[in-house]
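Step one of this worksheet: look at the structure below.
Every read-out reported here was derived from the displayed coordinates using simple, explicitly stated rules and does not represent laboratory data. As the structure is a prediction and not an experimental result, all values here were calculated from the model. Methodologically, a virtual Cβ is constructed for each residue, glycine included, from the backbone with ideal geometry; neighbour enumeration extends over all protein chains shown.
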Amino acid sequence: MTRLAAAKPLYAIPDAKAALELLKPITWFPPMWAFGCGVASAQGVAHAQWGVVALGALLCGPLVCGTSQAVNDWFDRHVDAINEPGRPIPSGRVPGRWGLYIAVGWTLLSLLVASLLSRYCLLATIFGLLLAWIYSAPPLRLKRNGWFGNAAVAICYEGLPWLTGLQLVTGAAPNGRVWLIAGLYSAGAHGIMTLNDFKSIAGDLRFGLGSLPARLGAPRAARVACWFMAVPQVGVIALLTAWGQVRTGAVIAVLLLLQLLLMRRLLRDPRAYAPWYNGTGVTLYVLGMLVSAFALRTLGSV
């Protein structure tokens, strides 16, 4: 059995590179993209607001998402010792309890930055951070159940940043159309989260984590993920078409068709092709999000 690396002295401090790796910069893109979609769906963003937009993007990505990654790595350090022993904590590059200290410090910094933006942004940040902690930390540890855990992450990665970005630049509550589209893309992100779990099946089984690949087996979990990603996009196409955005609906339909073609390869060997699909099919998925955002801008989003 793989063991956690021997602890360094308590006074040891992680270097900046290891601390940055703990925050997983590659994971910051989805919430920042969703935040950008929220801004894109707003009408008439003033030049003076771009500083606020930049701070909001910083909050969604490096801060709140970075916090969630640090929290997850701390409470998953024994699982990572099997799945990813090179990660900063099990490898010993982030020694002692520094993983926890970074998670707490980044939580407080996120709240501070959110408080500088707006009351709604602060409330959304509190909600997102709460989900981040209960996803990974006992006693709730939502990630023990892939259905609930993936839902929590999907909300934080897609719907919440989208609504926050729109509200931040308009100062008004998003209308029902925005809630529907952001909600559907959040539901689809449940499938994307499932794809991320294929790499950790061994450790999940060893420690009783019920990710969908561990719970259902890789072939069945891949089919579930594909349904989760595809069906909400059908809903988006139907809604946009009903609202008179026929051309936009057609563009998203083409993007979905291309995803379905790529899914055929994914289903042949989900464990091998999940990273490949993340770079191809998921890219088409998020392009559809942006196309939908511009359609909402035309329709009016508040």
> Where does each of S115, S68 land when they are ranked from fewest to most other beta-carbon atoms within 10 angstrom?
Replying inline: S115, S68
>> Which of Y157, Y135 has the fewest other C-beta atoms within 10 Å, and how do the rest follow up to the most?
In response: Y135, Y157
> Taking +1 at the Cβ of each Lys and Arg and -1 at the Cβ of each Asp and Glu, which of A295, V104, I237 sits farthest along the dipole of segment 17-299 towards its positive end, judged by Cα position relative to the Cα centre?
Replying inline: I237
> Expressed in nm to one decimal, what extension gain is obtained for the pair F148 and I13 from 0.36 nm per residue of sequence separation less their Cα-Cα distance?
Replying inline: 45.1 nm
> Given only helices, namely DSSP H runs of n ≥ 4 each adding -39500 (n - 2.57), what is the per-residue ellipticity at 222 nm of the chain, to the nearest 500 deg cm²/dmol?
Replying inline: -23000 deg cm²/dmol
>> Under a Cβ-only charge scheme (Lys and Arg +1, Asp and Glu -1), can you give me the dipole magnitude of the chain about the Cα centre, in debye to the nearest 20?
In response: 500 debye
> Can you tell me the Rg and Dmax of the chain, counting just the alpha carbons, in angstroms?
Replying inline: 19.5, 64
> Where the only charges are on Cβ atoms (+1 Lys, Arg; -1 Asp, Glu), what is the dipole of segment 50-103 about its Cα centre, to the nearest 20 debye?
Replying inline: 140 debye
> What helices does the chain hold that run 24 Å or longer along their axis, going by alpha-carbon atoms, with a Kyte-Doolittle average of -1.0 or more, using DSSP H for the helix calls?
Replying inline: 98-117, 119-136, 176-196, 218-242, 246-268, 270-299
>> Quick check: the distance between the Cα centres of segment 98-157 and segment 178-220, to the nearest angstrom?
In response: 18 Å
> Among K143, K24, which comes first, then next, by fewest other beta-carbon atoms within 10 Å?
Replying inline: K24, K143
